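Working notes, beginning with the structure itself.
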Amino acid sequence: MAFGAPDNPYGQPQNPQQGYGYPQQGQPPYPQAPGGVPQQGYGYPQQGQPGYGYPEQGPPGYGYPQQGPPGYGGYPGGPGPRVASMGRRFGARAIDAAAFLVIYVVLGFIGVAGSVGSAADCDPNAADYQSCMNNATSDIAAKFGAVIGVLAVIGLLYEWLMTGLVGGTLGKLAVGIRVVKADTGQKPGLGASFIRWIIPLVGGLVCGIGQLLVYLSPFWDKSGRQQGWHDKAASTMVIQN
């Protein structure tokens with residue numbers, strides 16, 4: 001120390017305290033979190049908080065879409081499938097019905113023509129004429145029953161297999177619509193297509209009224225997918241290609 005010189009010639013304290021503009025050594029200007037990351041509230045957003053470019057996973061409807069196929073609940077607000085109009089659906093059903101009518105006429109003609117010929121061969125003057133006509137009538141009824149049974153099997157295989165494996169019957173494909181699983185957009189598969197086929201068939205046992213109501217039920221659907229009762233039971237919907 002120089003003679004006569006004060007220990008602190010400039011009047012500054014030896015150990016400056018907070019309040020004189022000299023921050024203490026080792027203290028950062030802003031509060032720090034462990035690891036040197038500034039704490040929230042000083043302009044440094046923490047990782048993972050929405051609003052700073054770090055979206056979090058969340059339920060649909062909060063801006064965080066879940067993964068999934070577009071239009072089937074995967075991306076809210078994304079492009080959805082075009083629901084098939086009822087006009088197209090009825091057009092497809094009419095095409096299928098016309099095709100089945102042709103098959104029915106052809107099979108009926110082939111099956112019954114022989115029986116009618118047998119009835120024509122019965123001699124009215126013969127003693128067994130009545131027995132001959134009874135046999136011919138029974139043969140005609142049996143042939144009609146066989147035709148109906150064959151048509152039922154064809155209808156089952158046609159509607160069930162075509163819808164399950166291809167996505168639609170020839171009538172649906174002709175008008176540009178197809179049946180898909182409502183949650184995935186994939187082909188229905190044999191299980192769902194069988195459920196979709198059997199419900200109108202069971203409804204048809206009630207004088208055909210139940211079947212008609214099943215096919216009209218999409219008009220009353222409030223989901224926006226125009227699902228009929230058979231669609232809801234099978235978890236399917238009809239869309240336009």
Placed amide H near I177: partners under 5 Å, 5+ positions off or other chain: N241
Part-to-part distance (alpha-carbon centres) for the stretch 191-241 and the stretch 134-163, which is given in Å: 24
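In the stretch 190-241, what trypsin sites (Lys or Arg not before Pro) fall in a loop by DSSP, with at most 13 other Cβ atoms inside 10 Å? All intermediate terms of the calculation are to be shown ahead of the outcome.
Working: sites: R196, K222, R225, K232; in loops: K222, R225.
Sparse-neighbourhood loop trypsin sites (Lys or Arg not before Pro): K222.
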Under-5 Å amide H pairs with A182, H placed in peptide plane, nonlocal only: T236, M237
Tensor-based shape of the stretch 86-240 (alpha-carbon gyration tensor, a/c under 1.5 rounded, otherwise prolate or oblate): prolate
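Just so you know, all these numbers are worked out from the coordinates, no wet-lab data involved. Please read all numbers here as calculations on a predicted model, not as lab measurements. Because the Cβ atoms are built from the backbone with ideal geometry, glycine has one as well, and the counts that use them run over all protein chains shown.
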